[in-house]
1. Considering region 211-265 alone, what residues qualify as being part of a strand (DSSP E or B) and out of contact with any strand residue (DSSP E or B) (no Cβ under 8 Å at 6 or more places or on another chain)?
2. Exactly one condition in (1) within 15 Å of the chain's Cα centre (by Cα); (2) under 22 Å from LEU133 (Cβ atoms) is not met by LEU169; state its number.
3. Consider only pairs whose beta carbons are under 6 Å apart and that are at least six residues apart or on different chains; among these, list those whose first residue lies in region 196-207 and is closer than 17 Å to MET129 by Cα and whose second residue is part of a loop (DSSP other than H, G, I, E, B) and open to solvent by 20 Å² or more (accessible area, probe 1.4 Å).
4. Which residue pairs have Cβ atoms under 9 Å apart, sit 6 or more places apart or on different chains, and have a first residue in region 1-23 that is under 30 Å from GLU241 (Cα atoms) and a second that is of a type in the set (Ser, Thr, Tyr) and at pLDDT below 95?
5. Please verify whether region 68-79 includes one or more residues that are under 25 Å from ILE202 (Cα atoms), part of a strand (DSSP E or B), modelled with pLDDT under 95 and not polar (S, T, N, Q).
6. From the residues in region 187-219 that are hydroxyl-bearing (Ser, Thr, Tyr) and under 17 Å from the mean Cα position of the chain (by Cα), which one is modelled with the lowest pLDDT?
7. Is it the case that GLN245 is closer than 30 Å to ARG218 by Cα and not aromatic (Phe, Trp, Tyr)?
8. Mind checking which residues of region 217-242 are surrounded by 16 or more Cβ atoms within 10 Å (Cβ to Cβ) and either out of contact with any Ser or Thr (no Cβ under 6 Å at 6 or more places or on another chain) or not hydrophobic (A, V, I, L, M, F, W, C) (or both)?
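The values are calculated or read from the model by the stated rules, or taken from the named source; none is laboratory data. Keep in mind that this is a model prediction, so the values were computed, not measured. Every residue, glycine among them, receives a Cβ derived from its backbone with ideal geometry; neighbour counts consider all protein chains shown. Protein only, heavy atoms only, side chains kept; ligands, DNA and RNA dropped before computing areas. Shrake-Rupley method; radii C 1.70, N 1.55, O 1.52, S 1.80 Å.
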Amino acid sequence: SREWLVRLGGSYGLTTESPSSDNLLLPATATISERPFVHSGGAFAQVERTGGRLNLRLRGSFDRQSFGDVETNGFGTISQDDRNNTLYLLTARVGYETSPALQPFLEASVGTRQFDEAVDRNGNERSSMIGALRGGLAVDFGEKWSGEASVGYRFEDFDDAALSTLAGLTVDGSLVWSPRRLTTFTATAATDFSTATAANEIGSVTYTGQLQWAHDLRPHLSLNASLLGSLRQFDSTGVDETTLQAQAGFEWRFNRNLALIGNVGYETVDSS
């Protein structure tokens, strides 16, 4: 209807895990003969009301991660089934338009992360309950400025009493500025919580900021460039990992359904 909208979505991704990943738990002298596959996918259903000053949104989702066996030289095949997990989340959002351009909002999430195996190879119970609350402001000044920003708090409480709660401040947002037609600058901020696999480790919180530039050079050709910085904080070890990235690329659109995308970039990672 004019006021109610239903969104449905799904996704699937397939990649391989780097042999240097800190999540691969291997014997000290083991070497990987073949990169293990990582399957990821999920789906969501969302109902939202956008008519009038009061806006409502309710979203349910699940996201699945499945890790393939690790083929090693000298140690055979090592199973990673204890890392397979599914995340279920229910999120409710309430926003109120104080003006056509400004909308403060409040959003709350509850959920659970369930691992296929109740106890992992280290004897830890990693299934958890999740809660989050954030408040922010959405802005819409037409074609020149639009976006939203929020701050909040998120926690993940594990079933295992030996594991402390993974919690932290969250900062999220996206602001799009179009100084002239066919050119946009996008500034984004995101907070991500990652689980761990090492014994008695609870995981990490990563804060990411990115600035992107895009310009439509031709009706079928776009150029882009971006700068990204991230800070990953490991709660139990006190180690911080800083990542800096620079990237430039293009998108050549053959038609509405097919495009060629190319990128070149540089990345540096520092742990301290």
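1. Within region 211-265, the subset part of a strand (DSSP E or B) is 211-218, 221-234, 240-253, 259-265.
The answer is ARG218, and nothing else.
2. (1) is the only condition that LEU169 fails.
3. Here the result reads GLU201/SER236; ILE202/SER164; ILE202/ASP235; ILE202/SER236; GLY203/THR195, each pair linking region 196-207 to a residue that is part of a loop (DSSP other than H, G, I, E, B) and open to solvent by 20 Å² or more (accessible area, probe 1.4 Å).
4. Close Cβ pairs satisfying both conditions: PRO19/THR31; ASP22/THR197; ASN23/SER194; ASN23/THR195; ASN23/THR197.
5. Restricting attention to region 68-79, the residues satisfying the condition of being under 25 Å from ILE202 (Cα atoms) are 68-70, 78-79.
Checking the rest, the ones that are also part of a strand (DSSP E or B) come to 70, 78.
Filter once more, so that each one left must be modelled with pLDDT under 95: 70, 78.
Those left that are additionally not polar (S, T, N, Q): 70, 78.
Checking region 68-79: at least one residue is under 25 Å from ILE202 (Cα atoms), part of a strand (DSSP E or B), modelled with pLDDT under 95 and not polar (S, T, N, Q).
6. Just the residues of region 187-219 that are hydroxyl-bearing (Ser, Thr, Tyr), to begin with: 188, 191, 194-195, 197, 204, 206-208.
Applying the additional criterion that residues be under 17 Å from the mean Cα position of the chain (by Cα) yields 188, 191, 194-195, 204, 206-208.
Details: THR188: 97, THR191: 97, SER194: 88, THR195: 85, SER204: 91, THR206: 95, TYR207: 96, THR208: 97.
Among those residues, the one meeting the criterion is THR195.
7. Details: closer than 30 Å to ARG218 by Cα: yes; not aromatic (Phe, Trp, Tyr): yes.
Yes.
8. Residues of region 217-242 surrounded by 16 or more Cβ atoms within 10 Å (Cβ to Cβ): 222, 224, 226, 228, 230, 232, 234-235, 241.
Selection gives SER222, ASN224, SER226, LEU228, SER230, ARG232, ASP235, GLU241.
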